[in-house]
Amino acid sequence: MILLLLALSGVEGLALQDLGTPPAEAAKKMSVPPGFKVTLFAGEPDIRQPNAFCVDDRGRLWVAENYSYTGPGGPWKPSGRDRILIFEDVDNDGKFDSSKVFHDKLSFISGLEIGFGGVWVGSPPNLLFIPDQDGDDKPDGEPQVLLDGWGNHDQHETLNSFMWGPDGWLYGWQGVFVHSNVGKPGSADRKALTAAMWRYHPTKKSFEVFAEGTSNPWGFDYDDHGVWFAEACVIPHLWHMIQGGRYQRQSGKHPNPHTYDDLKTIADHKHDGIQGRKGGHAHGGARFVLHDLWPDFRGKYLVGTIHHHGIYTEAFERKGSGYAGKHVGDFLMANDPLYLGFNHEFGPDGSLFVIDWYDPKTCHGQTPEHVATGRIYRISYGDPKKADVDLRKASSSELVKMQLDRNDWFVRHARRILQERGPDPAVHAALLDLFKTHPDVTRKLRAIWALHVTEGPLPDLLSHENEHVRAWGVQLGTSVPKDDPSAVVRLAIASALQRLPLEARWDVAAALLAHEEDVADHNLPLMIWYGVEPLVPTDTPRALKLAAGAKMPIVRQYITRRIAAGMPVKARAVAADGLALHLKPEGFDGAWKESTSDPRTFDGKAAAGEKDGRKSVLFSGGTLSTRSDPSLVFTDKDAFTLTAWVWLEGPQKGRWRGLVTKSREEGPWYGLWIEPAGRWFFGGQNTGIPGPAAEKGWHHLAAVQDAAGRKLYLDGKVVGEGPKAQASGPGAFTLGGAGGVEESFQGALGEIRLYRKALEAAEIEKLAAP
C-alpha cells in the first residue's frame, strides 16, 4: 500500500489517502486469458469517481464523475459539481491522449448515453437531456428535464445503465429500495415503480415499465437475437428479461397483489462458492461479446463481480421458451481488493473499457468525496487495429451496409443514426432487400429492427419460417396470433397478452393454455397468468371455463384463487377498528372536536363553510392544532393510514403547504402536504413521496404505511411509493398547516381519518368514492 498526495483541481483542498495500488501498477496486476492485455486508459487525477460512461459514434469515451455520492446508502446530496468528461485515444495505444469537460454543474449522475443530438443523463429526481445538435462538444443550452419523480432513497439503486435497445427505445434500470413516481414535469400521468427495467422513446416521448422485479440491477445487454439478459446484486444474479415479466424481488411486494408467483433466476450456479470464493455475490456491469475479434468469445456474456473484484464469463443455452445461464470462468481478476469495476463498454476496435470506482469499501459507506479515486481500463486482444471512425459522416447507404458488419458496435451505432435521420424510402428498400436475401437470421433481425426504428414498412413476419423473426413480429406489434408451434413465439404472445384489450385476450389465452408441453416451462405459465389475471374479475363464468380447459395446473389454481379473492369492491364497508382520529366538518364551530368518543379539541383559526356541496372547514392562513398522545405516533415498524378530503381553488405552487401534519416542529414528522412544485406530497423527516399536480376541486388523499413501505393514494389510486420511516415526533397534530413553520394552505378540508393500521386498497377506494 502506498500513501499518495494529490492536488486535484475542482476538488476542495487536497486528497490525502491510502489509495492502494497506483493506477498504472493496478493494470499490470490483473489476470486475463492468454493473448489479452490490460492497459490503464485513465486514472486519478485525470479521472475521479467515475459512475457512468458510454462510447460515442467516434469511439470517444464520455464519462460521468460523481461527487454527490455520500454513502452509506443514501439519500444522496446534490453537489452541483458532477462532471461529464470526453476522453479520446488518438493513436490507439490504450491510453487517452486528450480530455475535455462537456458539463460540470450537475448532481448525482447515475446514467449516461449519447444520441439524437445530445446527451441523456440520469440525475435523480430527473432524466435530463443536454442538447448538442451541432456536435461541437459544448451544450447548446441548459439541461432539459424530460421526466421527473425518480427517487433517491438509496443511491446504489436509482436510474442507471442506459442503453439503446434494438427497437429504438432508451432502456435503463432502477433498484428495489428506491421508490419513484415518474412522469413528465407537471403531469398527473405517472408510473410508480421500485425495481424495474424501464424504457423511454426519444422521439415519441413515451415512458414505460418494461419489466419489474429483481434487486439492485446495474448492467444488462441484448444478444444477436435481441433477447435481453440482466445481472443483479444480492439475490440470484442472472435473468432473462421479458417484456411484462415480474421477477423475484429482494424486498417488498409486487405492485399487483395477485401476482402470486414470480420468475426466478436462470443461473445454474452461485458465484459465492465458485472456485472456493466467499464473501458476497454483488454484480455490476454486463456486456455480450458480439464481435469476432476475440477468439472463442463471441456470444459470451461478461459480468462484473464487485465482491470478487473482477469479471466473470457466462454463457446461455436454450431451454424451452428461455435459457439456462452457465458459468464459464474468470475473464479478469484484478488481484486488488480495492478494484470496483462495475460498468463495461466496447469500443469500435473490439476493446472492452471498464470504469473502476476504486475504493476499500465494497458495497456501502464508500469513501467520501474528498478522497478522489477512479480508473478506466482497456482490455484488448492482440494488437487491435485502430478504428478511425466518425459514423455521423457516413451516408445512409453506408449505414445500411453496416447492418451486416461482424462487429455489433458498428451495427448498433449505425442503426441509431439511421433512426435519428428519420424515414427514407431508399433506406427502407435496401433494408427490405437485406431481409429477403440474406441467409443469416441475425442479419434479417437487424434489417427488421432498422426498418422499425426508421418507420419503414415491415414485411410479413408472422408467417416466416424462423421462430425469432416471428417472435419479433409479435414483439413489434404487427399482430398477435393465437398460437405458434415454437415456445419462443408462444412466449412473445404471452408477453403481448398484457398489451391487448381485455376482450381480445380470452381466445389467445385459451390457445396458450392448451399446450401441455409448456407446463414445466420456466416462463410460459407465469407469463400467461400475468396476462390472464385482469380477465378474471370481469367475467367469472368465462374465467372458470378458461380454467377448465387449461392444461397448466398452476394457472388453473391461480384463476380459482383470484376468484376467491373477490372482485374490486367499491361498496365494501370500512371497518372502524384501529380508528385513532375521525374528524367530520358537520357542526364545526371554530373548535373542531372529534366525532369519536375522544373529546380532544383542535384550537386555532378556521371557519365553517361549504365547497361544491360538501361541508368543509375553510383555511386562509390559520391552522387548527391539538396535543399529541401515543395514539398519534408511529415507529417505522408500525402500520398507519391518514386520509383527508382536500379542496383547492386552483394550483398552489412556490412553497410548502401543510394539509394535515404531525409534529413538523419536532421530528420525526409525518403528514400530507402540497410541495413547492405544486404536487401532492406524503412527507416525513428525510423521506417523501411526491404525487401528481394538485388540481382544482375536491380530492381524496390517503397516506399508508405497511410492512412493505409507504404509499400515497389520490382519489382511490396509488400514485407514489416509498420506504417506511419513523413518524414518532412528540409535536402537535395540525390541520391547515404545520407546527412551528410557515406552511399554511389556502383551501378547505373535509372528513379526516387516522388509523393505527394499513387500510386495504379497496377500503381506500371506498373512502374516496364521491
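Please report, in debye to the nearest 20, how large the charge dipole of the chain is about its Cα centre when each Lys and Arg carries +1 at its beta carbon and each Asp and Glu carries -1 there. Please report the intermediate quantities before stating the final value.
Values: 86 positive and 97 negative charges, 354 e Å.
In debye, rounded to 20, the chain gives about 1700.
Of all the accessible heavy-atom surface of the chain, with the other protein chains kept in place and a 1.4 Å probe, what percent is carbon and sulfur?
Within the chain, the accessible surface is 52 percent carbon and sulfur.
Identify the residues of segment 173-187 with backbone N under 18 Å of a label point that sits 7 angstrom from the Cα of Val145 along the Cα-to-Cβ direction, or state none.
179-187
Report, to one decimal in Å, the Kirkwood hydrodynamic radius for segment 658-762 based on all distinct Cα pairs.
13.8 Å
Arrange the peptides 231-237, 400-406, 471-477 so that the one whose residues have, on average, the most other Cβ atoms within 10 Å appears first.
Answer by packing, highest mean first, reads 231-237, 471-477, 400-406.
Keeping all protein chains in place, calculate the accessible area per residue for segment 352-453 (probe 1.4 angstrom), answer in Å².
Accessible area per residue: 40 Å².
What percentages make up the Cα-Cα pair-distance distribution of the chain when the bins are 10 Å wide from 0?
Binned Cα distances yield the sequence 3, 13, 22, 23, 19, 13, 6, 1, 0.
Please work out the average accessible area per residue across segment 101-180, using the 1.4 Å probe convention, and give it in Å². Show your work: numbers first, answer last.
Values: 2040 Å² over 80 residues.
Heavy-atom SASA per residue in segment 101-180 reads 26 Å².
For the chain, what is the mean residue ellipticity at 222 nm derived from helices alone (per DSSP H run of n ≥ 4: -39500 (n - 2.57); sum divided by total residues; nearest 500 deg cm²/dmol)?
About -4500 deg cm²/dmol.
Around Pro295, under 15 Å between beta carbons, what's the net of Lys plus Arg minus Asp minus Glu among the other residues?
+1
Arg298 to Arg392: extension gain in nm, 0.36 nm per residue of separation minus the Cα-Cα distance?
Gain in length upon complete extension: 31.2 nm.
Rule-of-thumb check for segment 286-402: C-alpha Rg over 2.2 N^0.38 Å?
Normalised Rg, Cα atoms only: 1.30.
Using 0.36 nm per residue of separation minus the Cα-Cα distance, give me the extension gain between Glu517 and Val741 in nm, one decimal.
Answer, rounded to one decimal: 74.1 nm.
Viscosity 0.692 mPa s, temperature 37 °C: Stokes-Einstein D of segment 333-448 from its Kirkwood Cα radius, in µm² per second?
190 µm²/s
For a protection proxy built on the mean count of beta-carbon atoms within 10 angstrom, sort 677-688, 756-767, 726-737, 434-445 highest first, please. Mind showing how you got there, number by number?
On the way: 677-688: 21.2, 756-767: 18.9, 726-737: 23.3, 434-445: 15.5.
Descending mean neighbour count gives 726-737, 677-688, 756-767, 434-445.
Anything over 30 Å Cα to Cα? Flag those among Lys615/Lys717; Lys545/Lys724; Lys191/Lys361; Lys653/Lys711, in the order listed. It would help to have the intermediate numbers written out before the result.
On the way: Lys615/Lys717 24 Å; Lys545/Lys724 42 Å; Lys191/Lys361 34 Å; Lys653/Lys711 23 Å.
Violating the 30 Å Cα-Cα cut-off are Lys545/Lys724; Lys191/Lys361.
What aspartates and glutamates does Lys436 reach when the alpha-carbon gap must be under 13 Å and sequence neighbours fewer than 8 apart in one chain are set aside?
Counting by Cα, and skipping residues close in sequence, Lys436 has these aspartates and glutamates nearby: Asp460, Glu465.
So, R0 is 25 Å and r is the distance between the beta-carbons of Asp136 and Arg499; what FRET efficiency does that work out to, to 0.05?
Details: r = 41 Å, r/R0 = 1.65.
The calculated FRET efficiency here is 0.05.
Could you compute the net charge surrounding Phe619? Neighbours are other residues with a C-beta less than 12 Å from the C-beta of Phe619; K and R count +1, D and E count -1. Each step should come with its number before you reach the end.
Numbers: positive: Lys605, Lys611, Arg657; negative: Glu649, Glu743.
So the surrounding residues net to +1.
Please give, to one decimal in nm, the separation of the simple spin-label points placed at Glu760 and His269, each 7 Å out from Cα toward the Cβ.
4.7 nm
Any chance you could get the radius of gyration and Dmax over the Cα atoms of segment 102-163, in Å?
Cα-based Rg and Dmax for segment 102-163 come out at 11.6, 37 Å.
Rounded to two decimals, what is the ratio between the C-alpha radius of gyration of segment 77-137 and 2.2 N^0.38 Å?
Cα-based Rg divided by the globular estimate yields 1.24.
Using a ≥ b ≥ c from the Cα gyration tensor of segment 716-770 (square roots of the eigenvalues), is it rounded, prolate or oblate, where a/c under 1.5 gives rounded and otherwise the larger of a/b and b/c decides, a/b for prolate? If you can, show how the numbers build up before the last one.
Working: a/c = 2.00, a/b = 1.34, b/c = 1.49.
It comes out oblate by the Cα gyration axes.
Under a Cβ-Cβ cut-off of 10 Å, what is the net charge of the residues other than Glu317 that fall near it, where Lys and Arg count +1 and Asp and Glu count -1?
On the way: positive: Arg318, Lys319, Lys326; negative: Asp268.
Summing Lys/Arg as +1 and Asp/Glu as -1 gives +2.
The values are calculated or read from the model by the stated rules, or taken from the named source; none is laboratory data. These numbers were taken from a predicted model, which means no experiment stands behind them. Because the Cβ atoms are built from the backbone with ideal geometry, glycine has one as well, and the counts that use them run over all protein chains shown. All accessible areas refer to the heavy atoms of the entire protein, side chains included, with ligands and DNA or RNA removed. Shrake-Rupley method; radii C 1.70, N 1.55, O 1.52, S 1.80 Å.
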